[in-house]
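The values are calculated or read from the model by the stated rules, or taken from the named source; none is laboratory data. No experiment lies behind these values; they were computed from the predicted model shown. FYI the Cβ positions are ideal-geometry reconstructions off the backbone, even for glycines, and counts take in every protein chain you see. SASA here: full protein model, heavy atoms, side chains in, ligands and nucleic acids out. Shrake-Rupley method; radii C 1.70, N 1.55, O 1.52, S 1.80 Å.
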Amino acid sequence: MKNIGKYAAFALLGLLIGFIFFGNNEAEPVSEDTSNMTVNGRWTCSMHPQIEGQENGTCPLCAMDLVYMATADTLISKNQFKLSDNALALANVQTISVGQGTKADLSLKLSGTISTNTETDAIQTTLFDGRIDQLYANYIGKKVRKGQEIGLIYSPELYLAQDKLLTSISYRETHQKLYNAARNTLGLWKMTDEQIDAMLESGTPMMNFPLYADVTGTVTEVMAAEGNYYSQGTPLFKTSDLRTVWAVFDAYESDLEFLEVGQEVKLKFTAHPGESISAKISLIEPIVNSVSRTVSVRVVLNNKDNKFKPGMFVEGTINKSINADAMVSIPKSAVLWTGKRSVVYQKPFPDKPIFEMTEVLLGKRLENEYEVLDGLQPGDVIVSEGTFTIDAAAQLNGKKSMMSKGTMDDMDKIPNDSRMKLKDVPTKININAGFEKEFDGILKNYMALKDALVQTDPWLATKEAQSLLNNISSSTNNNEVQSHLQKISLSLERIINSKDVVKQRRAFKNLSEIMLFLAPSMNKLRGTVYVQHCDCVDGFTGGSWLSYDEKILNPYFGDEMLTCGRIEKTLN
């Protein structure tokens, strides 16, 4: 009983001490500094962070249940996310401030092949109808000299001409002109005086007439075979003087501003690893290939040692310093490529570990940098090292990342109502009668732009885009659609500023998505409008467009896949 009494006394004493120190203490609890960090949140899809909805909702794209994502009030955009200091240290993330340089070193690489020097190419033909009985220059690599005998031919016409000359000898004294005409006929067929005299002396026409080479060179292609009949002027074989050859490169339109005749090129050959030579550009062809959108650049090479053979692969490197006073450039390590898109991770607040993916439009390829045409401004802070780690963190946080399909603008246009089905996107919006009338002109300009891309004509596309932009600029800009018109203007400016049809089509996809959002909202359209779609666009992410014509004419591929697509909806 004494032990029980002791334990009870100790318990009562502990309760009394606890009450004295803690029971009456109403001081505020200790907490971390939460200024600017009030926790908020939203319901979203972990696979498609652009979707927002309500509790117990589902994603309209993948039907997954929405999850609650906590954010902080410093994250002013739904696509921003924050990393801890420990995570940044482990990832070895480095950032830089985007700036403008004064000079930049451009390293331009071109791919090409060795070809024959067409200025020395020649074709050996037959001078008269006949049967090739023997052909000595009958394989590639055979060297021939001008005047060298290259074969034997039997010609009934030549045989009759010789027989006519032999007959005319009997009345040579009385009909000198007839005799001379018969002899000159053989001369036109390149029978020499010695051959004619030998034939007259023997009194028998030649059955097989020797063929002589008209050119000097190496046989590069054989087109005739022994035993076959050939008419006058038919090619027998091609030759080329391989003591000089051409290195022919394909240069994109965007690279032409850095190329000029006489510029030095460093050449490397697959067949001769470790070796390189220097040469100079001799010609830049004045015509752009309408399919590949490239221009041929030619370099003449001395080939006396027969080291360079037609068909070989060759790589050319051009190093040039360019003026970069107004150029915004970023390191190549900062860029992530996702098909046709290029993205970087930006720090909206330089002093806080907050990041956000930003899509950029790149221009010139410098030695270790890219020129930025759109998406960044001087002074912006971006991730230069550890970009893949930041992207992985974005995916884990349910934010936009390089794995997100489509462009940034595409994702922003998906409605946030999680109850909406994908087939219902986009929905109608409220417009006024004034803008509905203006939309007819905008739609007409859009169709002209679409037709220019169907023709794969970047110059016409630029012209039509400018017309559409002028129409947009003169619009009353109804408040309900003002933000959409601004996005259309941005896409049109990208089309106008680029002569590359691939980039123009990329911008056209963004433009079309906005037009697809606006068109169903019109009470009445000018005629029937078809919503057409191709699944193969943009790495099989798909792309849609509007058309007055029921027939599929694909603006994203042109002649390459002109009829690829289907009609998804009809608007009236």
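When THR239 is tested against (1) more than 27 Å from ILE150 (Cα to Cα); (2) touching a strand residue (DSSP E or B) at 6+ places or on another chain (Cβ under 9 Å); (3) of a type in the set (Ser, Thr, Tyr), only condition (1) is not met. Scanning the range 360-379 for residues that are touching a Lys or Arg at 6+ places or on another chain (Cβ under 8 Å), open to solvent by less than 60 Å² (accessible area, probe 1.4 Å) and either free of Cβ contacts under 8 Å to residues at least 12 places away in the same chain or not aliphatic (A, V, I, L, M) (or both) turns up TYR370, GLU371, ASP374.
Kindly indicate whether any position in the range 412-430 is outside any loop (DSSP other than H, G, I, E, B), at pLDDT below 55 and under 23 Å from LEU490 (Cα atoms). Looking for residues that are outside any loop (DSSP other than H, G, I, E, B), at pLDDT below 55 and under 23 Å from LEU490 (Cα atoms), one finds at least one in the range 412-430, hence yes. If you filter the range 515-553 down to residues that are part of a helix (DSSP H, G or I) and loosely packed, with under 15 Cβ neighbours inside 10 Å, you find that the one that is modelled with the lowest pLDDT is GLY539.
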